[in-house]
Amino acid sequence: MDFDDQLRRYFGTADLTVVHPEALAAGTERMRVDLGLETNRGRRFALWSLLYMLGAAPDLDVAFEDTAERDAARDFMDMIDRSEGG
C-alpha cells in the first residue's frame with residue numbers, strides 16, 4: 001500500500017492540509033470500516049498505522065488478535081513517538 005495512494009483513496013488528496021474537517025472525519029470513518037473488513041494482515045496493519053498517525057486508531061487488542069501483530073504495532077507506535085520527539 002502506497003501512503004499517498006491511501007490518502008487519495010480516503011481523502012481525495014495526498015495533502016491533508018487541504019482536507020476539510022468533515023471530509024477528514026468521513027475518510028477516517030471509512031478507513032475504520034475497511035480495517036474491520038480487511039482480512040489481509042499487511043493491509044490491516046497499513047490501515048491501522050495510518051489511522052494511528054491520524055489519531056483515530058482502535059486499541060491494539062481490538063485491531064489485532066495476534067500477539068505478534070500487537071507487538072509490531074507497539075513498535076510502530078514507539079517509532080512514531082520517537083520521531084515526533086515524544
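Within the stretch 21-49, how many residues are in contact with a Leu (Cβ under 8 Å, 6 or more places away or on another chain) and in a helix (DSSP H, G or I)? Within the stretch 21-49, residues that are in contact with a Leu (Cβ under 8 Å, 6 or more places away or on another chain) and in a helix (DSSP H, G or I) number 9.
Give the stretch 53-82 a look and list any residue that's of a type in the set (Asp, Glu), in a helix (DSSP H, G or I) and either within 21 Å of Val33 (Cα to Cα) or within 14 Å of the chain's Cα centre (by Cα) (or both), or say none.
Hits for the stretch 53-82 are Asp61, Glu69.
Just checking, does the stretch 26-35 include any residue being among the basic types (Lys, Arg) and at pLDDT 95 or above?
Yes, the conditions are met somewhere in the stretch 26-35.
Taking the criterion of being more than 19 Å from Asp4 (Cβ to Cβ) and either surrounded by 14 or more Cβ atoms within 10 Å (Cβ to Cβ) or polar (S, T, N, Q) (or both), the residues of the stretch 39-59 that qualify are Thr39, Asn40, Arg44, Ala57, Pro58. Cβ-Cβ contacts under 6 Å between residues 6 or more apart (or on different chains), taken from a first residue in the stretch 35-52 that is under 15 Å from Asp66 (Cβ atoms) to a second residue that is of a type in the set (Asp, Glu) and surrounded by 12 or more Cβ atoms within 10 Å (Cβ to Cβ), are listed as Arg44/Glu38.
The values are calculated or read from the model by the stated rules, or taken from the named source; none is laboratory data. Note that the structure is predicted; figures quoted are calculated from it, not measured. Cβ sites come from the backbone with ideal geometry, for glycine too, and all protein chains shown count toward neighbours.
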